[in-house]
Amino acid sequence: MPRVSVRRLFVYAIYTVVVTSLVMLAFHVQQQNPLWIKVLEQSSGQDGYYQHNSKELDDEPNNFDVINNNESKISADNDINKTIASMNPLRRHGLPWYIKNDGYRPSQDDLVYNVWPVSRLKGDRIEEQLMIPSRNIDGTSSNVPAGALKPNLKKIFLPNGLGSWQTKSGQKVFTEQKCPVDRCSLTSNRDEAANADAIMFKDFFASPSHQRSPHQIWIMYMLECPLHTQYIREKDVFNWTATYKSESELVTPYEKWVYYDEKIKRKPVITNFAANKTKKVAWFVSNCGAKNNRLEYAHALQKHIDVDIYGSCGTKNCPRHSGDHCLDILSTDYKFYLAFENSNCRDYITEKFYVNGLGSKVLPIVMGAPRADYEKHAPEHSFIHVDDFASPKQLADYLHLLNSNDTLYNEYFEWKETGQFINTYFFCRLCSMLHEASYSPPRYYDDFNEWWRGGTNCIKGSWRDLEKHQRNK
């Protein structure tokens, strides 16, 4: 009979206990905190084409999604976001239609996820909404010829009139833009308001006179920031919002940047963007009373570096009717531009940054939204944020460094050939989402005003100081 080592038996026993414990622990964690999300399940019947990916939504009483301004909401799960990113179908057939005219358009075999705002998933969902396929009447998806009138045509009432939207009544805007889902119609006829599937208010709200149907979706569209928009006291009014905020059902940014390939965000530049530029910092501004003290910051910066201020707040002139001539001056003469917003509000980034800054051959210095929001919306390494520096002098010191080093300066333009700004086709997305609403729990804002302007949505000081204050609490 072979001899058995007691020591070896002991080691085997310990090994067995450890392995068994690890297996049981993994099974327990899997049950309590699944590391996967069932993002989407294509099925027939009432379950619909999209599945919610949050237990909180499944547990919501009465199957309603309530939107509020809770700043302690669940943070994004990195593992979940990585899983979602690896499943992204938007590029698997090449460049999509909203990037390339003859690009790939959504078909019945496409799987589209993350079209509704959910706290665990970050982003504006614009590309996902643009790739929603059309449905048949029975709820299954298929390609539908543009302009084909179906029984489930969605009617959208615009109480502000068609002129404010620069569009015409009927289906024209949806068919002309070749929307993947075009079974919607616009009207400003108040006699049709009661029977409309949705009412979209623009910048101003006044309650319609008709009796509201429980299935009618009310949408609030706002382009300006909370500090310059109507204070709406009514509660439990809106189902959706269409604003620049990432939490809106329909995000409406001033511009939308997309990469051709998410893996390639920077390319070495051939052009020397510093060549022949003899001036340092420029700023076009006419509002001298902004609440975020941007003018005071610019004057403090002037003490340490040359800043040419054009308009009623400065000493130089470039009339607005000059149009592109002013932007040409930026591209040929200046290295830096102050893309300062008139308010410091989250996600609030306007043409001051996109057109005057990134649209010209100049490096924008930004003030407005937090740095994280610029990183979310802008091309990689394309701007300088004032909050990166403790004082205007420190910012000026860094600008002097870039001014003297073309290599460092040109690194801020390596994003130029990696993507493009796209048309976000707002009305196309509106139509697609109205059809998808039938397959998702109803949504409503219990207090729109609190969601829109409450908490720290907008601040008067700097985000740098706010973060420091919160850390010291």
Problem set entry | Highest-first arrangement of 448-455, 203-210, where packing means the average Cβ count within 10 Å | 448-455, 203-210
For this session: Express the relative contact order of the stretch 336-455 as a whole percentage, based on alpha carbon pairs under 8 Å and six or more residues apart in sequence.
Result: 18
Exercise. Local charge sum around Leu330 (other residues, Cβ-Cβ under 11 Å, Lys/Arg +1, Asp/Glu -1)?
Worked result: 0
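Which peptide among 168-175, 250-257, 101-108 comes first, and what is the full order, when sorted by highest mean count of other Cβ atoms within 10 Å?
On the way: 168-175: 17.4, 250-257: 19.9, 101-108: 13.9.
Ranked from most to least packed, the peptides come out as 250-257, 168-175, 101-108.
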Exercise. Short version: ³J(HN,Hα) in whole Hz for each residue of the stretch 111-118, in order, from phi by Karplus 6.51 cos²θ - 1.76 cosθ + 1.60 (θ = phi - 60°), x for Gly and Pro, what are they?
Worked result: 9, 10, 10, 6, 9, 10, x, 10
Problem set entry | Distance between the stretch 426-459 and the stretch 259-305 - C-alpha centres, whole angstrom | 33
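Please tell me which of these pairs span more than 22 angstrom C-alpha to C-alpha: Lys256/Lys279; Lys280/Lys316; Lys291/Lys352; Lys100/Lys361; Lys335/Lys376?
Distance filter (> 22 Å) returns Lys256/Lys279; Lys100/Lys361; Lys335/Lys376.
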Exercise. What residues qualify as long-range amide H neighbours of Glu249, i.e. H under 5 Å apart, gap of 5 or more or another chain, H built at 1.01 Å from N?
Worked result: Thr241
Seminar exercise, completed: Put in order of increasing Cβ neighbours within 10 Å, starting from the fewest, Cys345, Cys288 give Cys288, Cys345
Seminar exercise, completed: Expected vector for the stretch 170-178, Karplus 3J(HN,Hα) from phi with 6.51, -1.76, 1.60 and θ = phi - 60°, integer Hz, x for Gly and Pro, equals x, 8, 3, 5, 6, 7, 5, 7, 6
Exercise. So who's got an amide H within less than 5 Å of the one on Cys318, skipping anything under 5 residues away but keeping other chains? H placed 1.01 Å off N, in plane.
Worked result: Gly311
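Using Cβ contacts closer than 10 Å as the measure, can you line up Val181, Val118 from fewest to most? Write down the numbers at each step before the final one.
Working: Val181 25, Val118 19.
By the 10 Å Cβ count, ascending, the order reads Val118, Val181.
Since every read-out is calculated from the coordinates, none of them should be taken as a lab result. Treat the numbers as computed from the prediction; the structure is a model and nothing was measured. Virtual Cβ from ideal backbone geometry, glycine too; neighbours counted across all protein chains shown.
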